[in-house]
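The structure under discussion appears below in the form of structure tokens.
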Amino acid sequence: MRHYYTADAIRAAEAPLLATQPDGTLMRRAAYGLAMLTAAELRRRTGGVAGRRVCAVVGSGDNGGDALWAASFLQRRGVRTTAVLLTPDRAHPAGLAAFRKIGGRITQNIPATTDLVLDGVVGISGRGPLRDAAAAVFAAATAPVVAVDLPSGVDAYTGAADGPHVEAALTVTFGGLKPVHALADCGRVELVDIGLDLAPSPLRGLEESDVAARWPIPGRHDDKYTQGVTGVLAGSATYPGAAILSTGAAVAATSGMVRYAGTAKHDVVTCWPEVVATEDAASAGRVQAWVVGPGLGTDESAEQTLRFALGTDLPVIVDADALTLLARAPQLVADRGAPTVLTPHAGEFTRLAGHEVGADRIGAARGLAEKLGVTVLLKGNVTVVAGPEVTYLNPAGQSWAATAGSGDVLSGVIGALLAAGRPPAEAAAAAAFVHARAAALAAADPGPRDAPTSAAGILAHLRAAIASLSPVSVEPRGITR
């Protein structure tokens, strides 16, 4: 499990160490880790360390101190180091003294022969874009950048960059991950342990092992009902494909049972003969969660369907057209005792919340979740899942899922996990992880190079994405010899 910490949480965890250890100990510990990872990056890119060239771009404060100390450690390993001091009179005194003592040179600009640049301009307390002088220095650079804690000019909490900022190939951070490391492009992110005592954070990210541990696998005594029956209320004469995609995703996601109710009954059964299909939701039979909305339309009949689903005591995922309907009647989710998951993209979010998402996607998702008493999955390259106690961040790592109908597939997977009894935020986050992996697999099929894919392609790779999480035991049971 990845945990993401605010700047305030990191500072609070640093305080006891700063109060009890000799001055500068924590900084040098961080800088040493930064130097070792920078040396490894030099070796990876150039084949060696000694004789290579690193330039530190240094701002005022501790972030610049980290860069200067790291440069001095690198100099001891035979690296030729230079430093650009953006504010010479405010550079970290001890770091600058160590850098000069070891033979580092001060320059006005990044030398053309530089192999790597250390971005030590601003740290996690910085706000706003790069100042003109810093922007000019980086604009002229041709070497890859190793960012200290975060790429300068990018907000540590929101990941937003509203002006000139550093584009990092590698970001080395200390103590704990910050939201920016999931929300923004930080290149490869490496975490240096500096001994902070950090409690679990309510802002998290599922890793592969976490998703594998949470994915439903049938036990010896399970049957199609105990594994969860997913009900799908989707599709219309105009959009039968949405019903096919969301229903097919529910079929692929677990080994239980899927019931479909709607006007696309014939199309769904033609594609997925294992689905039990009717046209009327009230006669669909026993289900343990409802998926409502993809391709449903926004007419009176669609509204009645939404009211039916939300009127039950079952978990419901509300997507696509049903979100448009819900924006007109948000009272439908008020005081629901059962879990409700909303999966808006930016436009749907605006209709539901009455304002745009803005730069703070975490705050936006949490605000809507609290306002409506639901779990919100805010779609995007980094999916934000805001639950009542925990918020999950899921970076896709690529954008192949940004294709028509992709959300219909995601809704079916979430519905299947809800039917299997998974908590709503956990179900949404795990589904987002597998959905992103399926999109990546689809883009790589059939060759080694990524190529455009589609929602149908993503659906076709769902099982492979799930299977890649962990092997399923197929050992025979019974008599042993």
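The values are calculated or read from the model by the stated rules, or taken from the named source; none is laboratory data. In this text the structure is predicted, and so the values were computed from the model without any measurement. Note that each Cβ is placed from the backbone with ideal geometry, even for glycine, and that neighbours are counted across all protein chains shown. Just so you know, the surface numbers come from the protein's heavy atoms only, side chains and all, with ligands and any DNA or RNA stripped out. Shrake-Rupley method; radii C 1.70, N 1.55, O 1.52, S 1.80 Å.
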ALA430 being within 20 Å of the chain's Cα centre (by Cα), buried (at least 21 other Cβ atoms within 10 Å of the Cβ) and in contact (Cβ under 8 Å) with a residue 40 or more places away in the chain: yes
Tally, over segment 219-251, of residues that are open to solvent by 10 Å² or more (accessible area, probe 1.4 Å) and either touching a Lys or Arg at 6+ places or on another chain (Cβ under 8 Å) or farther than 17 Å from LEU296 by Cα (or both): 10
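ALA133: closer than 23 Å to THR81 by Cβ and without any contact (Cβ under 8 Å) to a residue 60 or more places away in the chain, yes or no? Explain how you work it out, then say what you get.
Numbers: closer than 23 Å to THR81 by Cβ: yes; without any contact (Cβ under 8 Å) to a residue 60 or more places away in the chain: yes.
For ALA133, the condition - closer than 23 Å to THR81 by Cβ and without any contact (Cβ under 8 Å) to a residue 60 or more places away in the chain - is met.
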Single condition ALA443 does not satisfy, out of (1) of a type in the set (Gly, Ala, Ser); (2) assigned to a helix (DSSP H, G or I); (3) under 30 Å from TYR225 (Cβ atoms): (3)
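I'd like to verify a number: residues in segment 400-436 that are of a type in the set (S, T, N, Q) and either at positive phi or in a helix (DSSP H, G or I) (or both), how many?
Final tally of qualifying residues: 2.
Residues are listed down the side, and each one gets a yes or a no for (1) without any contact (Cβ under 8 Å) to a residue 40 or more places away in the chain; (2) in contact with a strand residue (DSSP E or B) (Cβ under 7 Å, 6 or more places away or on another chain); (3) surrounded by 21 or more Cβ atoms within 10 Å (Cβ to Cβ):
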{"site": "GLU274", "(1), (2), (3)": "yes, no, no"}
{"site": "ARG286", "(1), (2), (3)": "no, yes, no"}
{"site": "TRP290", "(1), (2), (3)": "no, yes, yes"}
{"site": "ASP299", "(1), (2), (3)": "yes, no, no"}
{"site": "GLU303", "(1), (2), (3)": "yes, no, no"}
{"site": "PHE308", "(1), (2), (3)": "no, no, no"}
{"site": "ILE317", "(1), (2), (3)": "no, yes, yes"}
{"site": "ASP321", "(1), (2), (3)": "yes, no, yes"}
{"site": "ALA327", "(1), (2), (3)": "yes, no, no"}
Test: LEU352 is free of Cβ contacts under 8 Å to residues at least 60 places away in the same chain, open to solvent by less than 10 Å² (accessible area, probe 1.4 Å) and touching a Leu at 6+ places or on another chain (Cβ under 9 Å): no
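Scan the strands (runs of 3 or more DSSP E) fully inside segment 175-259 and keep the ones with 2 or more residues being under 30 Å from SER454 (Cβ atoms) and not assigned by the TED database to the domain that holds GLY363. Working first, answer last.
Working: elements: 188-192, 203-205, 229-233.
Where strands (runs of 3 or more DSSP E) fall fully within segment 175-259, none carries at least 2 residues being under 30 Å from SER454 (Cβ atoms) and not assigned by the TED database to the domain that holds GLY363.
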Which numbered condition LEU37 fails, given (1) open to solvent by 50 Å² or more (accessible area, probe 1.4 Å); (2) touching a residue at least 12 places away in the same chain (Cβ under 8 Å): (1)
